[in-house]
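Following: one structure in structure tokens, then a few remarks.
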């Protein structure tokens, strides 16, 4: 009686696996040369330094309301009277008000815009254009 037994020794051919891995490593090394890491030099406009190091510059905070209403609030300015430091107006009257504030305090150069959640992108850009025309160059948008 003869029993047919299967051979239990199984040999795995590793040469194709090693070839595939070596090709993948070569491809990785060759494509890594074309990878470029991009970066921008960005500084935080407000709050990047300690409170003692930060010079007190006048800032104009603009809160965008519904129906084109704007609330202007001037902070850190001793040259602008208290009644002009806070005002509500329409976008149509913005150029006149900004020119008046800029004439009272020539150091006023920073504007921070606070849009509302329903503000459209075009409204914010149009508002920024008005401030650029008035000579206020340091513009920022405050996150919601």
Give me the pairs: first residue in segment 92-111 and on the phi > 0 side of the Ramachandran plot and in contact (Cβ under 8 Å) with a residue 40 or more places away in the chain, second residue assigned to a strand (DSSP E or B) and surrounded by fewer than 12 Cβ atoms within 10 Å (Cβ to Cβ), beta-carbon distance under 6 Å, and six or more apart or on different chains, which are they?
-> none
What number goes with the only condition from (1) more than 17 Å from the chain's Cα centre (by Cα); (2) in a loop (DSSP other than H, G, I, E, B); (3) free of Cβ contacts under 8 Å to residues at least 24 places away in the same chain that residue 87 does not pass?
-> (2)
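Please work out if residue 102 is surrounded by fewer than 15 Cβ atoms within 10 Å (Cβ to Cβ), out of contact with any helix residue (DSSP H, G or I) (no Cβ under 9 Å at 6 or more places or on another chain) and not in a loop (DSSP other than H, G, I, E, B). Show your work before the answer.
On the way: surrounded by fewer than 15 Cβ atoms within 10 Å (Cβ to Cβ): no; out of contact with any helix residue (DSSP H, G or I) (no Cβ under 9 Å at 6 or more places or on another chain): yes; not in a loop (DSSP other than H, G, I, E, B): yes.
Considered against the rule, which asks whether it is surrounded by fewer than 15 Cβ atoms within 10 Å (Cβ to Cβ), out of contact with any helix residue (DSSP H, G or I) (no Cβ under 9 Å at 6 or more places or on another chain) and not in a loop (DSSP other than H, G, I, E, B), residue 102 comes out as no.
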How many of the residues making up segment 105-129 are surrounded by 15 or more Cβ atoms within 10 Å (Cβ to Cβ) and under 22 Å from residue 79 (Cα atoms)?
-> 7
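From the list 75, 83, 57, exactly one residue is loosely packed, with under 10 Cβ neighbours inside 10 Å, at pLDDT below 90 and under 30 Å from residue 115 (Cα atoms). Which is it? Give the steps one after another, and end with the answer.
Details: 75 fails: loosely packed, with under 10 Cβ neighbours inside 10 Å; 57 fails: loosely packed, with under 10 Cβ neighbours inside 10 Å.
Sole residue among the options that is loosely packed, with under 10 Cβ neighbours inside 10 Å, at pLDDT below 90 and under 30 Å from residue 115 (Cα atoms): 83.
The values are calculated or read from the model by the stated rules, or taken from the named source; none is laboratory data. Predicted model only: the values in this text are computed from it and were never measured. Ideal geometry is used to build each Cβ from the backbone, glycine not excepted, and the neighbour counts take in all protein chains shown.
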